[in-house]
1. Within region 181-227, which residues are closer than 16 Å to residue 159 by Cβ, touching a helix residue (DSSP H, G or I) at 6+ places or on another chain (Cβ under 8 Å) and assigned to a loop (DSSP other than H, G, I, E, B)?
2. Given 317, 309, which one is modelled with pLDDT of 95 or more, surrounded by fewer than 17 Cβ atoms within 10 Å (Cβ to Cβ) and under 26 Å from residue 28 (Cβ atoms)?
3. Among the residues of region 51-84, what is the count of those that are under 20 Å from the mean Cα position of the chain (by Cα), modelled with pLDDT of 95 or more, surrounded by fewer than 18 Cβ atoms within 10 Å (Cβ to Cβ) and assigned to a loop (DSSP other than H, G, I, E, B)?
4. Does any residue in region 388-417 that is on the phi > 0 side of the Ramachandran plot come within less than 7 Å, Cβ to Cβ, of a residue that is in a helix (DSSP H, G or I) and surrounded by 11 or more Cβ atoms within 10 Å (Cβ to Cβ) six or more places away or on a different chain, and which pairs are these?
5. Report, ordered by the first and then the second residue, all pairs with beta carbons closer than 7 Å, sequence separation of six or more or different chains, a first member in region 105-130 that is over 30 Å from residue 153 (Cβ atoms), and a second member that is surrounded by fewer than 19 Cβ atoms within 10 Å (Cβ to Cβ) and at pLDDT below 95.
6. Only one residue in 241, 305 is touching a helix residue (DSSP H, G or I) at 6+ places or on another chain (Cβ under 6 Å) and in a helix (DSSP H, G or I). Which one?
7. If we keep just the residues of region 131-155 that are touching a helix residue (DSSP H, G or I) at 6+ places or on another chain (Cβ under 7 Å) and either at positive phi or not in a loop (DSSP other than H, G, I, E, B) (or both), which is modelled with the lowest pLDDT?
8. Here is a list: 48, 98. Which entry is assigned to a loop (DSSP other than H, G, I, E, B), in contact (Cβ under 8 Å) with a residue 24 or more places away in the chain and out of contact with any helix residue (DSSP H, G or I) (no Cβ under 8 Å at 6 or more places or on another chain)?
């Protein structure tokens with residue numbers, strides 16, 4: 001074999017027992033759940049368009065955003081064609097396609113997502129799902145599943161039940177379980193006089209939502225916490241402690257969003273603890289430049305550390321990795337491509353670490369050599385390995401994918417007016 005940059009790079013890693021071919025094989029089996037809402041700024045397809053709420057905002061007005069399901073799926077097709085590996089797509093309930101009929105969220109049905117399922121079958125990918133518990137008249141005061149009004153609580157309970165039914169439909173039709181994740185914005189702007197009662201109501205609502213059981217071959221239930229939000233700065237009902245406890249007591253997945261914690265907290269540091277006590281864990285990987293600002297994921301230290309923790313724990317089959325960012329200041333298909341390629345890249349970077357050797361050094365107390373190797377590996381010829389993986393996966397190498405984006409923008413997105 002010719003002495004290509006890949007062959008030469010491979011020899012450096014092999015000196016420490018890293019099998020690059022095995023890393024490629026393992027990486028090809030790890031799906032990333034790509035969030036559909038980056039493609040249209042969380043607008044959705046509801047007949048009545050509503051302003052975002054729940055502490056969520058999308059900034060920027062880059063031209064060419066998707067306006068309907070056909071355009072959004074076309075944009076996802078383009079992004080997925082530029083990303084190595086076979087991945088998943090994560091939907092929100094507001095992406096139901098009702099053909100102009102006004103269907104409120106407590107009445108959505110599997111039939112409203114048939115086009116998504118047909119598309120996913122064509123691509124051979126799985127779909128995940130999220131009830132949309134925000135941006136609605138019944139969420140205007142910032143309370144939903146913990147609302148003191150039982151009629152409002154019942155509306156949102158029924159919406160979440162309908163969402164789980166849709167997820168089961170995905171699981172049945174696509175042959176892979178659909179992760180359905182519940183996040184609600186409930187909280188108070190100022191210090192509450194009673195923290196317990198809203199949490200009691202939230203617990204009771206969740207109990208009712210999960211009263212119907214689905215086989216885990218169809219549905220994986222997850223609950224997602226948040227530290228604070230715009231309009232709920234002082235108190236969020238669904239805190240990390242609340243959902244972590246609820247998930248463990250009720251055999252649900254605890255979903256960690258990298259933007260939903262204190263700025264000095266990292267979800268990478270939480271993974272090993274959760275994996276010790278839970279069979280599965282779910283993630284929403286984002287980049288919180290200023291707390292929960294949901295920037296496009298870059299190849300930064302925390303992304304690499306998240307990947308390292310998953311690989312070091314041999315937990316790539318136990319951690320459901322999803323993305324969650326929305327940037328309307330740049331080409332939206334490029335945002336998907338950058339963020340997802342970086343996540344795959346971080347996993348490969350972690351797979352090329354001599355994990356067992358470094359663990360042995362730590363156990364021996366040889367912290368000098370451990371630190372030295374960790375630092376030296378940062379400048380190992382990783383780029384050549386990544387390029388080879390992209391080439392084998394038949395996606396563009398290096399920045400050449402930008403040409404595809406430019407052409408797509410010129411021929412397709414620029415004509416959306």
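The values are calculated or read from the model by the stated rules, or taken from the named source; none is laboratory data. None of these values were measured; they are calculated from a predicted model. Reconstructed Cβ throughout: ideal geometry from the backbone, glycine too, with neighbour counts over all protein chains shown.
1. Across region 181-227, the qualifying residues are 184, 185, 186, 210, 212.
2. 317
3. Counting residues in region 51-84 that are under 20 Å from the mean Cα position of the chain (by Cα), modelled with pLDDT of 95 or more, surrounded by fewer than 18 Cβ atoms within 10 Å (Cβ to Cβ) and assigned to a loop (DSSP other than H, G, I, E, B) gives 1.
4. 398/387
5. So the pair list comes out empty.
6. Exactly one residue qualifies, and that residue is 305.
7. 138
8. The match here is 48.
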